[in-house]
């Protein structure tokens, strides 16, 4: 089992402390109480309700530099959110990423029993109590999977982020008879469910999510701030939203890790050499010259390091 770095442990402890408090006093008060006692961001930290209908939903961001292990922390966050706030032994998780390439990589890692991400989930729920699905594999999910396993569904933001007028063109919003068994065990009474012209609840993936109230994990959260993202979140009806990013973002940054903390734990191996340019043309010219220099050095480096 991979041993977490100290800054990773502190990040997860911050999340657990916050969610435990949010369950009692609410997301906003819990956030403001936590950041007052544990300030980590350099900017003023005030809790902002991203979208009105999600006022009772914890919606926080963990900010770590690139290479800090955001995806590993996301995997560990599933158990924390499930026990500290959602209060479900086996939470349903919608894991959103920005691109199809990252989606495929994330699914492969979460399914790989030897990978740190998969190990974290298995250790939290049990070897046979975790099911990971690519969003293209929705037909493989059985109703009892949602009851007996922590189901992690990985998709891109673009798959679900669509205007109201265009929902019918996305499969996740469309009626699918194969999903009918899921709805036999669901109340199907929530006002936010999509319905057909006769008022019947559509057997759609999003309607399943809406009633299960999933934990939503958002990778690269700075790309998820548009109005369409808000509409998407409200259709999903999450119980909790945890964002992770290395990029400055207008969000509720609960905990921030600095690059110096990664360097202190030897997560940053290479030195950084920064040059300040007075204008953009000088910066581009400098980049071009550096690239040429590296191109000249590469053949020699290959000759030096290649074996017999």
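The values are calculated or read from the model by the stated rules, or taken from the named source; none is laboratory data. Predicted, not measured: the structure shown is a model, and the values here were computed from it. Neighbour counts run over all protein chains shown; Cβ positions are idealised from the backbone, glycine included.
Of the residues making up region 190-205, one or more are within 16 Å of residue 146 (Cβ to Cβ), within 23 Å of the chain's Cα centre (by Cα) and modelled with pLDDT of 90 or more. Entry remark, region 148-177: residues being modelled with pLDDT of 85 or more, over 23 Å from residue 241 (Cβ atoms) and not in a loop (DSSP other than H, G, I, E, B) number 2 in total.
For (1) farther than 28 Å from residue 174 by Cα; (2) touching a residue at least 60 places away in the same chain (Cβ under 8 Å); (3) surrounded by fewer than 17 Cβ atoms within 10 Å (Cβ to Cβ), each residue gets a yes or a no:
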{"residue": "70", "(1), (2), (3)": "yes, yes, no"}
{"residue": "98", "(1), (2), (3)": "no, yes, no"}
{"residue": "111", "(1), (2), (3)": "no, no, no"}
{"residue": "122", "(1), (2), (3)": "yes, no, no"}
{"residue": "134", "(1), (2), (3)": "no, no, no"}
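Whether a residue is closer than 30 Å to residue 218 by Cα, at pLDDT 70 or above and surrounded by 11 or more Cβ atoms within 10 Å (Cβ to Cβ) was assessed, and residue 261 passes this test. Note on region 46-129: enclosed helices (runs of 4 or more DSSP H) holding 1 or more residues that are within 18 Å of the chain's Cα centre (by Cα) and within 23 Å of residue 258 (Cβ to Cβ) are 70-81, 116-125.
Here's a check for you: in region 213-231, which residue that is touching a helix residue (DSSP H, G or I) at 6+ places or on another chain (Cβ under 8 Å) and crowded, with 22+ Cβ neighbours inside 10 Å is modelled with the lowest pLDDT? Checking each candidate, the answer is 224. For residue 8, are the conditions met, namely being out of contact with any helix residue (DSSP H, G or I) (no Cβ under 7 Å at 6 or more places or on another chain), at pLDDT 90 or above, on the phi < 0 side of the Ramachandran plot and not in a loop (DSSP other than H, G, I, E, B)? No; evaluated as a whole, the condition is false for this residue.
Identify all residues within region 136-147 that are part of a helix (DSSP H, G or I) and in contact (Cβ under 8 Å) with a residue 24 or more places away in the chain; write none if there are none.
138, 139, 143, 146, 147
Residues in region 17-50 that are in contact with a helix residue (DSSP H, G or I) (Cβ under 7 Å, 6 or more places away or on another chain), in contact (Cβ under 8 Å) with a residue 24 or more places away in the chain, closer than 18 Å to residue 80 by Cβ and crowded, with 18+ Cβ neighbours inside 10 Å: 18, 19, 22, 30, 31, 34. Just one of (1) more than 30 Å from residue 186 (Cα to Cα); (2) assigned by TED's automatic domain parsing to the domain that holds residue 91; (3) at pLDDT 80 or above; (4) part of a helix (DSSP H, G or I) fails for residue 291. It is (2).
Every residue, every condition in (1) modelled with pLDDT under 95; (2) closer than 19 Å to residue 253 by Cβ; (3) in contact with a strand residue (DSSP E or B) (Cβ under 9 Å, 6 or more places away or on another chain), yes or no:
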| residue | (1), (2), (3) |
| --- | --- |
| 70 | yes, yes, yes |
| 77 | no, yes, yes |
| 91 | no, no, yes |
| 108 | no, no, no |
| 119 | no, no, no |
| 128 | yes, no, no |
| 139 | yes, no, no |
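Being at pLDDT below 80, surrounded by fewer than 13 Cβ atoms within 10 Å (Cβ to Cβ) and assigned by TED's automatic domain parsing to the domain that holds residue 35 is a property that residue 303 lacks.
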